[in-house]
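Trainee: Take a look at the following structure, please.
The values are calculated or read from the model by the stated rules, or taken from the named source; none is laboratory data. Just so we're clear, the structure is a prediction, and the values are computed from it rather than from any experiment. Every residue, glycine among them, receives a Cβ derived from its backbone with ideal geometry; neighbour counts consider all protein chains shown.
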Amino acid sequence: MVSTADRYLRFTRTAPGRFLTRRLGLPRPEPLRRWSPVHPELDGPLLRLTAAAPCPGLAAVLARTGLEPRTGPGTAGAAPPPGAPAGAAAEAGGTARVTAVSHGAPASGTGAEATPPPGSAAPAATAPAVSVAYAAVVVDATGIREPEELRAVHAALHPVVRTVATGGRVIVAGTVPDPDDHHQAAAQQALDGFVRSLGKEIGGGRTVNLLRLDPGPAPGGLAEAAGAAESTLRFLLSPKSAYVSGQTVTVGPGRHTTATDSGSPTGTGNPGSPAGARATGDADAAATATVSTATVSPSGPLAGRTALVTGAAGGIGASVAETLARDGAHVICLDVPAAEAQASALAGRLGGTALPLDITAPDAAERIAAAVTARSGGLDILVHNAGITRDRRLANMSAGRWDQVLDINLSSVLRVTDRLLEDGVLRRGGRIVATASIAGIAGNTGQTNYAASKAGIIGFVRALAPRAAAEYGVTVNAVAPGFIETAMTAAVPFAIREAGRRMNSLAQGGLPVDVAETTAWLAQDGSGGVNGQIVRVCGQSLLGA
Ligand code: NAD
């Protein structure tokens, strides 16, 4: 685990740092709070707003995400926050309702939202109380079908956006643009631009994401998609998604499970996790708030699953292995034979298995199959994380550099996946998570080989996902890391490294655990409705935005 080398971030937390950054208008990154067993949830209430006809089932799902519903101060007659005009929603012509629920707060209501039936006019919003700092605000905009109705999103969020706590979350729930209805498509696509812009301006370590519910062709699909979004909402509404912002995640009515088996382990176990990250809140504590675990959680969402992580000896892969083990999986840690000592040490700590193997070996899939079969008869989670860079401008790039990067980062992923799927080694209900990169979206000087390989991963995921779901009952998704503090990025020249760190909405690099938490969410049984998605873990990097 690389502790943060981000000296600038630490400097901005000092008195001279605060003075200078203010005077010079320099970025002032807010230290992000990651998940830790002593502090597993966001602090404060969750405000639910409905901008149009409500999504059936969404309120119930939110109430199941471990949040205790209560009748919040915003439900009736509360005063608006400072600076916000009273009745702003009504004034702007919007229709919105607010309901507050909070983490662990004593229930004083039923949790049922007093929203109007679909199609009826919703009453104007009442603004929430002044004093509340909301941990999260969720706006249900799934019912918006016309651009004029977008005003309700403005009306809902305008009075409360300043009340979102530092490090809090804003989630807009929309639905997929309908290719047969250009009015609905315009309105729903507009939410994407809205979310991306709010993510860039909101600051303070807050994140803003769009959850797109895909109802599919079946009647009642929207409610089903809302049910399938539970694991995604749990992730986005937790400290685990600290470095995921400006993203659109689509969830369809795929196979999913309920709260009991998609819940995150909270508060118990993980004796190796450092305490103190919560108390200090400083950059160092945040940087070390990883899920360094020595035990496998028997009650975690991945309990009983067997996972294979390639490139697990260090960097992001080691953190992925630790996080999957924290959530209950038996992890097979694959890395090149030269890294066997590190992979074995990690596997030993996690109660997993080391597999020294070059993933480009012609018999790699067979050897994985043999290791998996010996262990548990089948594989449930396949994480393609191994990757390398061999940077040169194209004019200076040898065929050898090109081939090596393409083979490790892309071709081996296809070869191994094909064999494990076709031979039934990857079981029904399985999860494949590949590793792309923002370089595969935006391109990068000196990285024609690397960016090609990572863009190839995106093509692979999008094409295979529907077929793998239909034929094998397996989902295929990718994480696309931005600037993550690892040995790979530590080797980048200083000026480029510093630019990479700051050029995102959170003005800092991510940590391996940010990618690991995203992978663990996609690996859950409860994430069966998430398929074919490329989720950027980049703090909303400006590159490729
Ligand atoms: P890293 O170099 O720290 O770790 C990569 C691991 O892959 C190493 O343990 C290495 O031994 C292993 N590996 C390399 N070739 C292999 C092979 N042929 N067979 C088996 N294992 C092999 O890199 P990282 O920063 O942790 O990156 C992990 C993944 O994330 C890579 O796919 C990388 O492209 C991607 N990524 C990283 C960043 C970042 O900022 N660090 C950004 C975007 C994408």
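Trainee: Against the definition (among the charged types (D, E, K, R), more than 16 Å from the ligand (Cβ to nearest atom), touching a Gly at 6+ places or on another chain (Cβ under 7 Å) and in contact (Cβ under 8 Å) with a residue 12 or more places away in the chain), how does Arg431 come out, yes or no? Before the answer, list the steps.
Mentor: Values: among the charged types (D, E, K, R): yes; more than 16 Å from the ligand (Cβ to nearest atom): yes; touching a Gly at 6+ places or on another chain (Cβ under 7 Å): no; in contact (Cβ under 8 Å) with a residue 12 or more places away in the chain: yes.
Spelling it out, it is not the case that Arg431 is among the charged types (D, E, K, R), more than 16 Å from the ligand (Cβ to nearest atom), touching a Gly at 6+ places or on another chain (Cβ under 7 Å) and in contact (Cβ under 8 Å) with a residue 12 or more places away in the chain.
Trainee: Any residue in the stretch 379-400 that's touching a residue at least 40 places away in the same chain (Cβ under 8 Å) and β-branched (Val, Ile, Thr): show its pairings with residues that are assigned to a loop (DSSP other than H, G, I, E, B) and more than 14 Å from the ligand (Cβ to nearest atom) at Cβ separation under 8 Å, as long as the two are six or more apart or on different chains.
Mentor: Ile381/Leu302; Ile381/Arg305; Ile381/Ala329
Trainee: Among the aliphatic types (A, V, I, L, M) and part of a strand (DSSP E or B): does that describe Leu46? Let's see the steps before the verdict.
Mentor: Details: among the aliphatic types (A, V, I, L, M): yes; part of a strand (DSSP E or B): yes.
It is true that Leu46 is among the aliphatic types (A, V, I, L, M) and part of a strand (DSSP E or B).
Trainee: Scan the stretch 464-495 for residues that are closer than 25 Å to Arg428 by Cβ, within 14 Å of the ligand (Cβ to nearest atom) and of a type in the set (Gly, Ala, Ser) and jot them down. Steps first, please.
Mentor: If we filter the stretch 464-495 for residues that are closer than 25 Å to Arg428 by Cβ, which is where we start, we get 464-479.
Going one step further and asking which of them are within 14 Å of the ligand (Cβ to nearest atom), we end up with 478-479.
Passing the criteria: only Ala478.
Trainee: I've got another one for you. Note down all Cβ pairs under 6 Å where the first residue falls in the stretch 479-498 and is at pLDDT 90 or above, the second is more than 7 Å from the ligand (Cβ to nearest atom) and of a type in the set (D, E, K, R), and they're at least six residues apart or on different chains.
Mentor: From residues that are at pLDDT 90 or above, the pairs are Ala480/Arg536; Phe483/Arg501.
Trainee: Tell me which of these Glu41 doesn't satisfy, since it passes every other one: (1) in a strand (DSSP E or B); (2) touching a His at 6+ places or on another chain (Cβ under 6 Å).
Mentor: Condition not satisfied by Glu41: (1).
Trainee: Can you name the number of the only condition in (1) of a type outside the set (A, V, I, L, M, F, W, C); (2) in contact with a helix residue (DSSP H, G or I) (Cβ under 7 Å, 6 or more places away or on another chain); (3) closer than 22 Å to Val251 by Cα; (4) part of a helix (DSSP H, G or I) that Arg419 fails?
Mentor: It fails just one condition, (3).
Trainee: Here is a further query. Could you go through the stretch 472-480 and let me know if any residue there is over 20 Å from the mean Cα position of the chain (by Cα) and within 28 Å of Thr417 (Cα to Cα).
Mentor: To start, the set of residues in the stretch 472-480 that are over 20 Å from the mean Cα position of the chain (by Cα) comprises 472-473.
With within 28 Å of Thr417 (Cα to Cα) added as a condition, the list becomes 472-473.
Checked against the condition, which is being over 20 Å from the mean Cα position of the chain (by Cα) and within 28 Å of Thr417 (Cα to Cα), the stretch 472-480 yields at least one hit.
Trainee: Condition (residue is in a helix (DSSP H, G or I), modelled with pLDDT of 95 or more and either more than 30 Å from Arg13 (Cβ to Cβ) or among the acidic types (Asp, Glu) (or both)) applied to the stretch 157-180: is it met by at least one residue?
Mentor: Checked the stretch 157-180: no residue is in a helix (DSSP H, G or I), modelled with pLDDT of 95 or more and either more than 30 Å from Arg13 (Cβ to Cβ) or among the acidic types (Asp, Glu) (or both).
Trainee: Now, a different point. Among the residues that make up the stretch 314-336, is at least one of them aliphatic (A, V, I, L, M), more than 18 Å from Ala520 (Cα to Cα) and at pLDDT 95 or above? Reasoning before the result, please.
Mentor: At the first step, the residues of the stretch 314-336 found to be aliphatic (A, V, I, L, M) are 316, 318, 320-321, 324-325, 329, 331-332, 334, 336.
Okay, now just the ones that are also more than 18 Å from Ala520 (Cα to Cα), so 336.
Still in the running and at pLDDT 95 or above: 336.
Scanning the stretch 314-336, I find at least one residue that is aliphatic (A, V, I, L, M), more than 18 Å from Ala520 (Cα to Cα) and at pLDDT 95 or above, so the answer is yes.
Trainee: Filter the stretch 444-463 down to the residues that are in contact with a helix residue (DSSP H, G or I) (Cβ under 7 Å, 6 or more places away or on another chain) and either more than 16 Å from the ligand (Cβ to nearest atom) or modelled with pLDDT under 95 (or both) and list them by number.
Mentor: Asn444
Trainee: Out of Ala470, Ala451, Ala455, Ala465, I need the residue that is of a type outside the set (Asp, Glu), without any contact (Cβ under 8 Å) to a residue 12 or more places away in the chain and assigned to a helix (DSSP H, G or I). Which one? Please lay out each step first, then the result.
Mentor: Working: Ala451 fails: without any contact (Cβ under 8 Å) to a residue 12 or more places away in the chain; Ala455 fails: without any contact (Cβ under 8 Å) to a residue 12 or more places away in the chain; Ala465 fails: without any contact (Cβ under 8 Å) to a residue 12 or more places away in the chain.
Result of the check over Ala470, Ala451, Ala455, Ala465: Ala470.
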